[in-house]
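These notes are about the structure you will find just below.
Derivation of every value follows stated rules applied to the coordinates shown; laboratory data play no part. These numbers come from a predicted model, not from an experiment. Here the Cβ is made from the backbone with ideal geometry for all residues, glycine too, and neighbour counts use every protein chain on show.
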Amino acid sequence: MAVLATARRGVMNIRSLVAVAPIVADPAAGARFYRDTLGLSLDGDPDVYLSTEKLDGIQHFGLWPQSGAARTCFGVDEWPRGRPAPQACVEFDVADLDAAVRGLRRAGHEMVGDAETQPWGTTVTRWLSPDGLVVVVGHTPREK
């Protein structure tokens, strides 16, 4: 368990990632994107706090330099002016990537960068939420 051993080197002895909560400037736009477009089952008051405890566990946490995000999304070393600077990246694995891409496009969202297959087999696409969060939507083939 190398990952667990690495996590225990810190002062907090973190065992798992429990939650990701993007901070949204426009709660209604955030609710439309995460609940209505992505289909997450979110409960609560959009003006106070929406949440769900109905997702399987999170598999990865990382620190992504903004220059790396700019290269991946736009092919340049600096985040483009006129676009909200991203505060985080969240990744979702979907059963049907083509259907997810069509749905996001129909809802008026822009894919940034090209779809790409990672060395471990996951095919990913990247999108920007209304607040500039980098949202990765991908598909990992599962063995039966």
(request) Output ³J(HN,Hα) for region 109-121: one whole-Hz value per residue in order, computed from phi by the Karplus curve 6.51 cos²θ - 1.76 cosθ + 1.60 with θ = phi - 60°, and x for Gly and Pro. (result) 8, 9, 7, 10, x, 9, 4, 8, 9, 6, x, 8, x
(request) Return the sequence-ordered ³J(HN,Hα) values of region 61-72 in whole Hz as given by the Karplus equation 6.51 cos²θ - 1.76 cosθ + 1.60 applied to θ = phi - 60°, using x for Gly and Pro. (result) 9, x, 10, 10, x, 4, 5, x, 5, 4, 5, 5
(message) Going by amide H atoms built from the backbone, whose H comes under 5 Å of the H on residue 91, apart from near neighbours?
(response) 136
(message) Can you give me the distance in nm between label points at residue 123 and residue 87, each placed 7 Å from the Cα along the Cα-to-Cβ direction?
(response) 3.3
